[in-house]
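Encoded as structure tokens, the structure appears first; notes follow it.
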Amino acid sequence: MKAIAHIIAGKALPGSGGTPVFNPATGEQTGQVASGGGGEIDAAVTAARAAFPGWAATPPAKRAKVMYEMRRLLEANKDKLARTISAEHGKTHTDALGEVARGQEVVEFACGIPHLLKGSFSKNVSAGVDCYDERQPLGVVAGITPFNFPVMVPLWMMPMALACGNSFILKPSERDPSAPNLLYELWREAGLPDGVLNVVHGGKAAVDAILDHPGIAAVSFVGSTPIASHVYTRGCAAGKRVQALGGAKNHLVVMPDADLDQAADALMGAGYGSAGERCMAVAVAVPVGEKTADALIAKLKPRVAALKIGPAGDAAAEMGPLVTAAHRDKVSSYIDAGQAAGADVVVDGRGLKLQGYEKGFWLGGTLLDRVTPLMSVYTDEIFGPVLSVVRAGTYEEAVGLINANLFANGTALFTRDGDAARDFAERIQVGMVGINVPIPVPVGYHSFGGWKSSLFGSHGVYGPEGVHFYTRLKTVTSRWPAGLKSGAQFHFTER
Ligand code: NAD
């Protein structure tokens, strides 16, 4: 069985304790990951602190060379990375390849770091006085990441933090830790000096040690809302800069004038892709009007029932298993609760078994109709292949439903009406909005982030927001002796 170790100061450290790691398709334990705490975090901070001055002083153009090389290595190793992701996460191979590609986009953006760090300069702000500003790295920063994108989410953080001149400690999810370790190997091969990047595995003990450690200047977190809230509160109380991205409940509104075939295609991919284990998955379809709802259900029902479910090696599979048996059981129990509360189970994925993979963590695609906002299947983030249909009488009712929701990561409107599209984009209280685009994840040169309990903190991740989060502004005002008038000044003067 594979032992997955911490990596501190360039060395693998087996560590003590351990958490089992499973192949979700077979249900077999395939490894054990080290479980770190205060000692390992302290060692990682020591290594990162020692490496920081040299890395921060490395010219941005040289740091960019590491980014270019990392880009090449990601391309060359994408298949290996994708297989490593699928073996512990369960997602299909093509989906895992897509994850690598989205992470690579951020590395590509970070290749432009010399330009991104350029400050501004104002000559003669007063007679003989010049003013310029620059963005300086923070020091040692940490990233805590979820199971659902073990490569992409670390790559939302690492390229930006490193390119800006920080050293970085990654605390990946304990459920699929092999891919982050492989990512580390690639960064090292790309030329990153030892200690600039460290990986400490573990759960709550490691996270709390990061939040409390005085040597860590900033923390980026991506995960569920309760933990995001804990990370934000505790990290801020310890004086750190914190961005904590939380959970989601994304709605897709289908207007009566929408192309229903396009809307159904969108709901299939966004609802069931990656078995619904995406923070930008669509969990709720909101058809406007009974006629739209009936027609949409008629289109979705046969397609959900015919979803191809299988292990990552099956090229025809459209989705894989859930990540753990416990998560599969939890998702299944939400379907039970929805049914008990009066939802129509149009397609039931409970109890799915796959021949040859009887112990895998399978759950079939599930479609629930006539879900209401008070049901737990609606109020809670389920994170599984369950699409709930909440029927809205009017467009205003659909907007009100979304704006009343505590989560506000992504949303979409399907329509042919430009007025409705413009109004929706303007009034909807959600961070990322799609118009006829079901999963509006911004490209690498924009920034990603939700509102309300989907993001605690004032910065999104990657893109320009990433540069701002991982640097702080310094403004220098200078006058040289030749321009100095003699005599002290005790009051502001007009310039
Ligand atoms: P999670 O919150 O269980 O875990 C996230 C991280 O927190 C992991 O590294 C985990 O080890 C750590 N952790 C778990 N319990 C902890 C505790 N009690 N105290 C301190 N740390 C703890 O999330 P997950 O199940 O790995 O991932 C799925 C969640 O992540 C979903 O809610 C999903 O919406 C969210 N997510 C959000 C985004 C986004 O951009 N907003 C992106 C991806 C995933």
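Can you tell me which residue in the stretch 172-228 is farthest from the ligand (Cβ to nearest atom), limited to those that are of a type in the set (Val, Ile, Thr) and over 25 Å from Ala248 (Cβ atoms)? Before you say what the answer is, go through the steps one by one.
Our first condition is that a residue be of a type in the set (Val, Ile, Thr); within the stretch 172-228, this holds for 196, 199-200, 207, 210, 216, 219, 222, 225, 227.
From what is left, the residues that are over 25 Å from Ala248 (Cβ atoms) are 196, 199-200, 216.
Working: Val196: 21, Val199: 12, Val200: 11, Ile216: 15 Å.
In this case the residue turns out to be Val196.
Only one of (1) out of contact with any Phe, Trp or Tyr (no Cβ under 6 Å at 6 or more places or on another chain); (2) surrounded by 11 or more Cβ atoms within 10 Å (Cβ to Cβ); (3) assigned by TED's automatic domain parsing to the domain that holds Val371; (4) hydrophobic (A, V, I, L, M, F, W, C) fails for Ala408. Which number is that?
The failed condition is (1).
Can you confirm whether Leu368 is over 25 Å from Glu28 (Cα atoms) and crowded, with 22+ Cβ neighbours inside 10 Å? Give the derivation first.
Numbers: over 25 Å from Glu28 (Cα atoms): yes; crowded, with 22+ Cβ neighbours inside 10 Å: yes.
Spelling it out, Leu368 is indeed over 25 Å from Glu28 (Cα atoms) and crowded, with 22+ Cβ neighbours inside 10 Å.
Outside the structural domain of Val222 (by TED's automatic domain parsing) and open to solvent by less than 30 Å² (accessible area, probe 1.4 Å), is that true of Pro440? I'd like the intermediate steps shown before the answer.
Numbers: outside the structural domain of Val222 (by TED's automatic domain parsing): yes; open to solvent by less than 30 Å² (accessible area, probe 1.4 Å): yes.
Criteria met by Pro440.
Looking for something within 16 Å of the ligand (Cβ to nearest atom), modelled with pLDDT of 95 or more and either in contact with a Phe, Trp or Tyr (Cβ under 8 Å, 6 or more places away or on another chain) or in a helix (DSSP H, G or I) (or both) - is there at least one such residue anywhere in the stretch 302-322?
yes
Determine whether Ser167 is of a type in the set (Ser, Thr, Tyr), closer than 18 Å to Cys279 by Cβ and crowded, with 24+ Cβ neighbours inside 10 Å.
Numbers: of a type in the set (Ser, Thr, Tyr): yes; closer than 18 Å to Cys279 by Cβ: no; crowded, with 24+ Cβ neighbours inside 10 Å: yes.
The answer is no for Ser167.
Mind listing just one residue for me: the one in the stretch 202-228 that is touching a Ser or Thr at 6+ places or on another chain (Cβ under 7 Å) and not in a loop (DSSP other than H, G, I, E, B) and, of those, surrounded by the most Cβ atoms within 10 Å (Cβ to Cβ)? Lay out the reasoning, then the answer.
Applying the first criterion (touching a Ser or Thr at 6+ places or on another chain (Cβ under 7 Å)) to the stretch 202-228 yields 202-203, 222, 225.
Those left that are additionally not in a loop (DSSP other than H, G, I, E, B): 222, 225.
Values: Val222: 27, Thr225: 21.
Once the filter is applied, the top-ranked residue is Val222.
For residues that are in a loop (DSSP other than H, G, I, E, B) and touching a Leu at 6+ places or on another chain (Cβ under 9 Å), scanning just the stretch 386-435, find the one that is nearest to the ligand (Cβ to nearest atom).
Of all residues in the stretch 386-435, those in a loop (DSSP other than H, G, I, E, B) come to 390-391, 393-394, 405-406, 409, 415-417, 428-431.
If we keep only those that are touching a Leu at 6+ places or on another chain (Cβ under 9 Å) as well, we get 390, 409, 428, 431.
Numbers: Val390: 19, Asn409: 5, Ile428: 17, Gly431: 9 Å.
Looking at the filtered set, the residue picked out is Asn409.
Would you mind stating whether Ala293 is among the aliphatic types (A, V, I, L, M), farther than 21 Å from His327 by Cα and more than 16 Å from the ligand (Cβ to nearest atom)? Give the steps one after another, and end with the answer.
On the way: among the aliphatic types (A, V, I, L, M): yes; farther than 21 Å from His327 by Cα: yes; more than 16 Å from the ligand (Cβ to nearest atom): yes.
Spelling it out, Ala293 is indeed among the aliphatic types (A, V, I, L, M), farther than 21 Å from His327 by Cα and more than 16 Å from the ligand (Cβ to nearest atom).
So, in the stretch 185-201, exactly how many residues are touching a strand residue (DSSP E or B) at 6+ places or on another chain (Cβ under 9 Å), open to solvent by less than 10 Å² (accessible area, probe 1.4 Å) and of a type outside the set (Val, Ile, Thr)?
5
Scanning the stretch 2-56 for residues that are assigned to a loop (DSSP other than H, G, I, E, B) and polar (S, T, N, Q), which turns out surrounded by the most Cβ atoms within 10 Å (Cβ to Cβ)?
If we filter the stretch 2-56 for residues that are assigned to a loop (DSSP other than H, G, I, E, B), which is where we start, we get 5, 9-10, 14-18, 24-27, 34-37.
This time we only want the ones that are polar (S, T, N, Q), so: 16, 26, 35.
Details: Ser16: 11, Thr26: 18, Ser35: 20.
Result: Ser35.
Within the stretch 246-269, is even one residue at positive phi, in a loop (DSSP other than H, G, I, E, B) and either out of contact with any helix residue (DSSP H, G or I) (no Cβ under 6 Å at 6 or more places or on another chain) or away from the ligand (no atom under 12 Å from the Cβ) (or both)? I'd like the intermediate steps shown before the answer.
Of all residues in the stretch 246-269, those at positive phi come to none.
No.
Tell me, yes or no, whether the stretch 72-84 has at least one residue that is in the same structural domain as Thr30 (by TED's automatic domain parsing) and more than 17 Å from Leu182 (Cβ to Cβ). Break it down into steps so the answer makes sense when it comes.
Initially, the stretch 72-84 is screened for residues in the same structural domain as Thr30 (by TED's automatic domain parsing), giving 72-84.
Retained after the next criterion (residues that are more than 17 Å from Leu182 (Cβ to Cβ)): none.
The answer is no; no qualifying residue exists.
Within the stretch 63-76, does at least one residue satisfy the condition of being outside any helix (DSSP H, G or I) and either free of Cβ contacts under 8 Å to residues at least 40 places away in the same chain or surrounded by 15 or more Cβ atoms within 10 Å (Cβ to Cβ) (or both)?
no
Output the number of residues of the stretch 449-494 satisfying the condition of being open to solvent by 30 Å² or more (accessible area, probe 1.4 Å), in a strand (DSSP E or B) and within 16 Å of the ligand (Cβ to nearest atom).
3
Name every residue in the stretch 327-336 that is more than 14 Å from the ligand (Cβ to nearest atom) and open to solvent by less than 40 Å² (accessible area, probe 1.4 Å), in order of residue number.
First pass over the stretch 327-336, keeping only residues more than 14 Å from the ligand (Cβ to nearest atom): 329, 332-333, 335-336.
Within the stretch 327-336, Ser332, Ile335 meet the criteria.
The values are calculated or read from the model by the stated rules, or taken from the named source; none is laboratory data. Computed from a predicted model, the values in this text were never measured in an experiment. When we count neighbours, we look across all protein chains shown, and the Cβ atoms used for this are built from the backbone with ideal geometry, even at glycine. Note: areas computed on protein heavy atoms with side chains; ligands, DNA, RNA excluded. Shrake-Rupley method; radii C 1.70, N 1.55, O 1.52, S 1.80 Å.
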